[in-house]
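Undergrad: Please see the structure below; I have some questions.
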Amino acid sequence: MAEIMPEIGFIQEASRKIIVTGHYGSGKTEFSVSMALLLAAASNEKLALVDLDIVNPYFRSRERREILGEAGISVHGSVFQTEVTAELPALGADVRAPLEDKNCRVIIDAGGNDSGAIVLNQFMKYFNDDETTVLAVVNGNRPETRNIDGAITHINAIEAATGLIINALVNNSHLLRETTAQTVIDGHELCCQIRVKTGREIWCDCYPVGIVDPSDLPELSGRLMPLGLYMRPTWLDVGIGN
Amino acid sequence: MSEKVLMKGNEAFSEAAIRGGSRYYFGYPITPQNEIPEYMSQEIPKYGGAFLQAESELGAINMAYGAAAAGGRAFISSSSPGIALMQEGISFMCSAEVPLVILNVSRGGPGIGGIHPGQADYNQATRGGGNGDYKVPVFAPSSIQEAVDLIYEAVELADYWQNPIMIFADGILAQMMEPVILPEFKPEIKYEDIKKLKPWAITGYGDDDANRVTVKSLRMQPEDLEQHVDYLFEKYAKAEKELVRVETLGLEDAEIVFVAFGTTARITKEAIELLAEEGIKAGLIRPISLWPFPYNAFDQISDKTKVVISAEMSMGQMMQDVKIGIGKRFPIELINRTGGIIPTSLEIAQRASEILRTINN
């Protein structure tokens, strides 16, 4: 598979604070982690990842603190820096530091659905400015966002719970290692329909690195983001049983 | 979009129960299965079913006992310490021959333990944590698709065997996501059909005094109780023959044979690939049914095998069954992690390689 250096200028041109919302399991965390690592690889800018997912007990972005730390990205989230399994929906005060630091670009990984995104409310004073972009990640293969009505219902619910306006869509339609170029293209089509109905632009289309060849997505070129499966242990994809 | 959907384990488990015909869900929150009550509270009423959050796990199991005794198809889920609290009800339901599908999304123990995945409920599941002579068929899926298929089937199996059926998943299967194909909805059992399909169910006898039914586990006369237990054990003997499920892999020329179930079996499969890179041939026996345990699969192990290794997320609770399976034919070793720690494939491969080296020397 040809290695193409991703064109990530559009991410670098984005606003200082990027809030990543979406349906449960739409891939917000993989998207946030991948975006942070791409930005870190491309420049020396000061970067932070704020993990506001206090809903999920497993697979949180702060579990990848080490990889992110090595890339120079500071990670803020749970009060318990080393205790990733604590069943306490609590956030550290340091979450506010990168939001207040005008020189720091910050990616905010919100919890899933409207119930997970509600945590954003307590930080609202940082988001009412022109330095914030709110994205909604859409995976057209999740049962509740397979069609346009389901996807729009979720977007509306997240907006109602947070008071934020979702600015743009991220097509992250995938089936993990079973993803094909067509999976990405079908998801793009779904996002196009959402765009027509709601006026929201498609911010980018994502493809899983090493699984889909970006050269098979010529019509989506320009705003393609490669996603690594950073959160997924390899043994999860060893075929066994059914 | 594709035929497959990407689902989180807990969501898929719930949907499979509904599609299999379960209509009564009773539960109490506990991590890592909380998405199940959340999902059921939204979805099961859409199909004419009922969701009820009980005041405790004891309440949940007894509500399920009541709903199932009345002929409804009940489904309950919990995690290790919550399942421990339900043991009394499970024993009662086995004695009273009332069907139920129980899902244990197991985590680390003992006690309240932790919220990360575990398999240390093996003895609880297969030996029974409740009192008396009874058995519960237990199936341990290794993927979300397999869990979906087993839960879907378990609804029918529970009715057929008139016994609770347990699905033993772990926190990882519940929290991870996989593409799955969901089965079709089973035809609805109408209320008026219950009396015909389940003549033992308490549906209200009305004017039909002659067909009054009783659901009970109390038998005060020793002879009566002994006769009942003998009858139950005839049923279990049949189940022991008919419900065995196992997957085997590469047993014919394996130097090392692993025995592993659930998530650990998936990790072990990657470990087998790592060992192959070193030139070591390893095979796998993956029990899908934990009771009845697939003892006969161990007869397939060839004389080329030097050691059988039980890989578990417990202190070796399955070892007892592995020993019964292999007798004195091969040495048995344990590779394990516990407390919620998931062994890595590299760790399993390295330890297995060391064990083989020691045996060869």
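The values are calculated or read from the model by the stated rules, or taken from the named source; none is laboratory data. Just so it is clear, the model here is predicted, and its values are computed rather than measured. Neighbour counts run over all protein chains shown; Cβ positions are idealised from the backbone, glycine included.
Undergrad: Consider segment B:286-333. How many of its residues are of a type outside the set (A, V, I, L, M) and more than 19 Å from residue B:256 (Cβ to Cβ)?
TA: 9
Undergrad: Does residue B:44 count as of a type outside the set (Phe, Trp, Tyr) and under 21 Å from residue B:143 (Cα atoms)?
TA: no
Undergrad: Just to check your reading of the model, which residue among A:158, A:148 is farther than 22 Å from residue B:12 by Cβ and within 14 Å of chain B (Cβ to nearest Cβ)?
TA: That would be A:148, the only listed residue that is farther than 22 Å from residue B:12 by Cβ and within 14 Å of chain B (Cβ to nearest Cβ).
Undergrad: Could you pull out every one of the helices (runs of 4 or more DSSP H) wholly within segment B:141-245 that has 3 or more residues that are over 25 Å from the mean Cα position of the chain (by Cα) and at pLDDT below 95?
TA: Result: B:191-197.
Undergrad: Got a number for residues in segment B:115-126 being over 15 Å from residue B:79 (Cα atoms) and in a loop (DSSP other than H, G, I, E, B)?
TA: 0
Undergrad: Check segment B:98-108 and report whether any residue there is within 14 Å of chain A (Cβ to nearest Cβ) and among the β-branched types (Val, Ile, Thr).
TA: yes
Undergrad: Check residue B:129 against each of (1) assigned to a loop (DSSP other than H, G, I, E, B); (2) within 14 Å of chain A (Cβ to nearest Cβ); (3) small (Gly, Ala, Ser) and name the one condition it does not meet.
TA: The failed condition is (2).
Undergrad: So, one more: Just to check your reading of the model, which residue among B:272, B:280 is buried (at least 23 other Cβ atoms within 10 Å of the Cβ) and either assigned by TED's automatic domain parsing to the domain that holds residue B:336 or among the basic types (Lys, Arg) (or both)?
TA: On the way: B:280 fails: buried (at least 23 other Cβ atoms within 10 Å of the Cβ).
From the options B:272, B:280, the qualifying one is B:272.
Undergrad: Say we look at segment B:262-291 and pick out the residues that are part of a loop (DSSP other than H, G, I, E, B) and more than 10 Å from chain A (Cβ to nearest Cβ); which of these is nearest to the chain's Cα centre (by Cα)?
TA: B:281
Undergrad: When you look at residue B:247, is it within 14 Å of chain A (Cβ to nearest Cβ), under 30 Å from residue B:349 (Cα atoms) and surrounded by fewer than 17 Cβ atoms within 10 Å (Cβ to Cβ), yes or no?
TA: Working: within 14 Å of chain A (Cβ to nearest Cβ): yes; under 30 Å from residue B:349 (Cα atoms): yes; surrounded by fewer than 17 Cβ atoms within 10 Å (Cβ to Cβ): no.
Against the criterion (within 14 Å of chain A (Cβ to nearest Cβ), under 30 Å from residue B:349 (Cα atoms) and surrounded by fewer than 17 Cβ atoms within 10 Å (Cβ to Cβ)), residue B:247 does not qualify.
Undergrad: Follow-up. Within segment A:180-215, take every residue that is touching a Ser or Thr at 6+ places or on another chain (Cβ under 8 Å) and hydroxyl-bearing (Ser, Thr, Tyr) and give me the one that is farthest from residue A:165 (Cα to Cα).
TA: Restricting to residues being touching a Ser or Thr at 6+ places or on another chain (Cβ under 8 Å) and hydroxyl-bearing (Ser, Thr, Tyr), the top hit is A:183.
Undergrad: Quickly run through segment B:121-163 and pick out the residues that are under 23 Å from residue B:339 (Cα atoms) and surrounded by fewer than 20 Cβ atoms within 10 Å (Cβ to Cβ).
TA: B:123, B:127, B:128, B:129
Undergrad: Let me ask something else about it. Conditions first: (1) out of contact with any Lys or Arg (no Cβ under 9 Å at 6 or more places or on another chain); (2) more than 13 Å from chain A (Cβ to nearest Cβ). Residue B:48 passes all but one, so which condition is the exception?
TA: It fails just one condition, (1).
Undergrad: Are there any pairs with C-beta distances below 7 angstrom linking a residue in segment A:168-182 that is away from chain B (no Cβ under 12 Å) to a residue that is crowded, with 16+ Cβ neighbours inside 10 Å and aromatic (Phe, Trp, Tyr), with the two at least 6 apart or on different chains, and if so which?
TA: A:168/A:203; A:169/A:203; A:170/A:31; A:170/A:203
Undergrad: Does any residue of segment B:120-133 turn out to be closer than 17 Å to residue B:232 by Cβ and without any contact (Cβ under 8 Å) to a residue 24 or more places away in the chain?
TA: Yes, segment B:120-133 contains a residue that is closer than 17 Å to residue B:232 by Cβ and without any contact (Cβ under 8 Å) to a residue 24 or more places away in the chain.
Undergrad: Please enumerate the residues belonging to segment B:57-114 that are over 16 Å from residue B:166 (Cα atoms) and in contact with a Pro (Cβ under 6 Å, 6 or more places away or on another chain).
TA: If the condition is that a residue be over 16 Å from residue B:166 (Cα atoms) and in contact with a Pro (Cβ under 6 Å, 6 or more places away or on another chain), then B:112 is the only one that fits.
Undergrad: Right, something else. Counting only residues that are more than 20 Å from the chain's Cα centre (by Cα), give me the strands (runs of 3 or more DSSP E) lying completely in segment B:29-114 with at least 3 of them. Break it down stepwise before answering.
TA: Working: elements: B:50-53, B:74-78, B:100-106.
In segment B:29-114, B:50-53 are the strands (runs of 3 or more DSSP E) which contain 3 or more residues that are more than 20 Å from the chain's Cα centre (by Cα).
Undergrad: Could I ask something else about it? Consider residue B:4 against the criteria (1) buried (at least 19 other Cβ atoms within 10 Å of the Cβ); (2) within 30 Å of residue A:192 (Cβ to Cβ): it satisfies all of them except one. Which criterion is unmet?
TA: Failed condition: (1).
Undergrad: Shifting gears a bit: Working carefully through the options B:41, B:95, B:77, B:56, find the one that is at pLDDT 95 or above, buried (at least 24 other Cβ atoms within 10 Å of the Cβ) and either farther than 30 Å from residue A:182 by Cβ or within 14 Å of chain A (Cβ to nearest Cβ) (or both).
TA: Going through B:41, B:95, B:77, B:56 in turn, the sole match is B:77.
Undergrad: Please state which one of B:259, B:229 is more than 13 Å from chain A (Cβ to nearest Cβ), more than 30 Å from residue B:354 (Cβ to Cβ) and touching a residue at least 12 places away in the same chain (Cβ under 8 Å).
TA: That would be B:229, the only listed residue that is more than 13 Å from chain A (Cβ to nearest Cβ), more than 30 Å from residue B:354 (Cβ to Cβ) and touching a residue at least 12 places away in the same chain (Cβ under 8 Å).
Undergrad: Need the failing condition index for residue A:204 against (1) modelled with pLDDT of 95 or more; (2) buried (at least 16 other Cβ atoms within 10 Å of the Cβ); (3) out of contact with any Lys or Arg (no Cβ under 7 Å at 6 or more places or on another chain), just the number.
TA: (3)
Undergrad: Further question on the same structure: Within segment B:312-327, does at least one residue satisfy the condition of being crowded, with 18+ Cβ neighbours inside 10 Å, away from chain A (no Cβ under 14 Å), within 22 Å of residue B:278 (Cα to Cα) and among the acidic types (Asp, Glu)?
TA: The answer is no, given that none of the residues of segment B:312-327 is crowded, with 18+ Cβ neighbours inside 10 Å, away from chain A (no Cβ under 14 Å), within 22 Å of residue B:278 (Cα to Cα) and among the acidic types (Asp, Glu).
Undergrad: From the set of residues in segment B:160-191 that are β-branched (Val, Ile, Thr) and away from every other protein chain (no Cβ under 14 Å), which is farthest from residue B:31 (Cα to Cα)?
TA: Per the stated criteria, the residue is B:189.
Undergrad: Exactly one condition in (1) surrounded by 23 or more Cβ atoms within 10 Å (Cβ to Cβ); (2) more than 27 Å from residue B:216 (Cα to Cα) is not met by residue B:179; state its number.
TA: (1)
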